[in-house]
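What follows is a short report on a single structure.
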Amino acid sequence: MKKIPETDAIFENVLKENKASDRDVKSLRISIDTKAKVKIGNLSRGGKSRTIEPKSADDHDTEWQAVLVPFGILNTQSNQLSIYMGQSAETTDFIVDCLTDWWQNNQSDYTELEELVIDLDGGPAIRSNRTQFIKRIIELSQRIGLKIRLIYYPPYHSKYNPIERCWAALEHYWNGAILDSVETAINWASNMTWKGINPIVNFIETTYEKGVKVLPHELKQYLPSWQRSETLPKWDITIIPL
């Protein structure tokens, strides 16, 4: 696999920070990622369907009615998986809106929490130099009153992020199914299991604009909260809700 000079150090940092979070009763670790887009239509997807009488796909899989963007949040403490099915693009705003909704639905279970640790990769929408991501995730930290740690996996190694195993389980579960409607895709996702638990699946209808950027003069006010690691400044970020 490809490596960068910092790969080993990044992995060591991930292991160290994840263990520290898991030992701390006032810290909660989650793993996030978006799955490859899912085309909705009468399209052949290979594999074997679990239906008694498999549906037939169109002869030419060149047309689809919609495209879903699955975003997942795995609670590594409880193994509860939350899946957000968007119909727009994989943007910073889509991801942070999903994180905000997830916290609103779960905050009552973590009244003593002081820190949220997020395992993630360096995808375009959540890179540590993405200005809109910096703005939105700091605003989230301030809104919920929690310190947020961003612990990045090294480039070319996102498969080690825990959420990736959930996506593999979903692909195995609906392998061969014809996802001919949004409702069908959501039903299949809702009925899979991860560690014996059904995921919580949400459908997001909001349309998100691509390429949103924050101008330097506006970003400046957020930077005091954005504290980069001295040794791994791109891969370990601490956000303080000032």
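Every number in this text was worked out from the coordinates using simple rules, so none of it is lab data. Computed from a prediction, not measured in an experiment: that's the story for all the values here. Cβ atoms come from the backbone with ideal geometry, glycine included; neighbour counts cover every protein chain shown.
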(request) Enumerate the calculated ³J(HN,Hα) couplings along the range 72-87 in order (Karplus 6.51 cos²θ - 1.76 cosθ + 1.60, θ = phi - 60°), each rounded to whole Hz, writing x wherever the residue is Gly or Pro. (result) x, 10, 9, 7, 6, 7, 9, 6, 7, 9, 10, 10, 10, 9, x, 10
(request) Would you grab the residues whose amide H sits under 5 Å from the one on Val201? Only those 5+ places off in sequence or on another chain, please, with H modelled 1.01 Å from N. (result) Ile83
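Once the Cβ-Cβ distance between Glu139 and Asn42 is put in as r, and R0 is 45 Å, what FRET efficiency do you end up with, to the nearest 0.05?
0.60
How high is the FRET efficiency between Ile197 and Leu223 when r is their beta carbon distance and R₀ equals 41 Å, given to the nearest 0.05?
About 0.55, to the nearest 0.05.
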(request) For the chain, set up a Gaussian network in which alpha carbons nearer than 10 Å are linked by springs, and say which option among Ala185, Ala89, Ala20 fluctuates the most. (result) Ala20
(request) Over 28 Å between C-alpha atoms is what I'm after, so list which of Lys3/Lys35; Lys2/Lys234; Lys19/Lys213; Lys2/Lys37; Lys26/Lys220 land there. (result) Lys19/Lys213; Lys26/Lys220
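Provide the FRET efficiency to the nearest 0.05 for the Tyr110-Asp8 pair, computing r from the beta carbons and using R0 = 30 Å.
Numbers: r = 33 Å, r/R0 = 1.10.
The formula returns an efficiency of 0.35 here.
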(request) Please list the radius of gyration and Dmax for the range 92-134, considering alpha-carbon atoms only, with Å as the unit. (result) 12.1, 33
(request) Lys and Arg at +1, Asp and Glu at -1: add these up for the other residues within a Cβ distance under 10 Å of Val214 and post the number. (result) +4
(request) Quote the relative contact order of the range 92-242 in percent (integer), defining contacts as alpha-carbon pairs under 8 Å separated by 6+ residues. (result) 30 percent
(message) So for each of 199-208, 66-75 I average, over its residues, the number of other beta carbons within 10 Å; can you give me the resulting order with the highest mean first?
(response) 66-75, 199-208
